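Reading through the structure tokens given below for one structure.
The values are calculated or read from the model by the stated rules, or taken from the named source; none is laboratory data. A quick note: this is a predicted structure, and the numbers were derived from the prediction, not measured. In this analysis, Cβ positions are derived from the backbone assuming ideal geometry, glycine residues included, and neighbour counts consider all displayed protein chains. Calculation scope for accessible area: heavy atoms of the full protein, side chains included, ligands and nucleic acids excluded. Shrake-Rupley method; radii C 1.70, N 1.55, O 1.52, S 1.80 Å.
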Amino acid sequence: MSVVILGIRAGTTRFLLVAIRAGKRPGSQEKAVDKGGVPKESIAQTQQAIVDSFQCLGNWMARYEYLIDLGRSLPDFPEKWRTEANRLHGCQAQVWMVSELHDHRLFFQARSDSAIVTGLLALLMKVYSGRLPEEILSHLPDFLRAIELEQHLSPNRANGLFHMMERIRLMAQDALGAEAAKAKP
């Protein structure tokens, strides 16, 4: 059993959410992407929950702190995955992203050397990881506009966010192609 403590800051108040998970945490030797389970909510519901969370945090300083805390909650990202092949180009910060297709669902893990960018990745993972590739491709990241995130990012970070989303979509397209190739006799 593992205990995960997630912190959310709203102004000067810090709220702690405690989640208790049963089971063994994957070791650093395992190659598999963390398949934290199939999301129970639809992509639209997950996006709305993110919008609601951001609206509860009044100012942008609190929202940036929340992003950083979300990034800290991501699963470990092994050093062996920080390769050029997994690196996302087009971002000022260094970003690595991997995916794995399991039971027709695409699971992602990602990390950056920037705390805010890692938080952006955490938002994208929350929405898209564990989904069917068709779901990923049919749902744009509308929540980004709703929380006005793009307006509060530097041009370089906004460009990086675009490239992160493009990589997720490309991985979903590749997964669909792989599934189609398997289905052919």
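How large, in percent, is the carbon and sulfur part of the accessible surface of region 50-182 at a probe radius of 1.4 Å?
Carbon and sulfur together cover 50 percent of it.
Return, for the Cα atoms of region 26-185, the radius of gyration and Dmax in Å, separated by a comma.
Over region 26-185's Cα set, Rg and Dmax evaluate to 15.5, 56 Å.
May I ask for the percentage of alpha-carbon pairs in region 104-181 that lie more than 14 Å from each other?
Of the Cα pairs, 62 percent sit more than 14 Å apart.
Taking just the C-alpha trace of region 46-131, give me its Rg and Dmax in Å.
13.7, 41
Keeping all protein chains in place, calculate the accessible area per residue for region 68-185 (probe 1.4 angstrom), answer in Å².
Heavy-atom SASA per residue in region 68-185 reads 50 Å².
I want to make sure I understand the PRE zone here: with the label point 7 angstrom from the Cα of Asn159 toward its beta carbon, which residues in region 94-117 have backbone N atoms less than 19 Å away?
Only 94-96, 112-117 fall inside the zone, counting backbone N under 19 Å.
At 0.36 nm per residue, and after removing the present C-alpha to C-alpha distance, how many nm does the segment from Glu179 to Asp113 gain when stretched out fully?
Using 0.36 nm per residue and subtracting the Cα-Cα distance, I get 20.5 nm.
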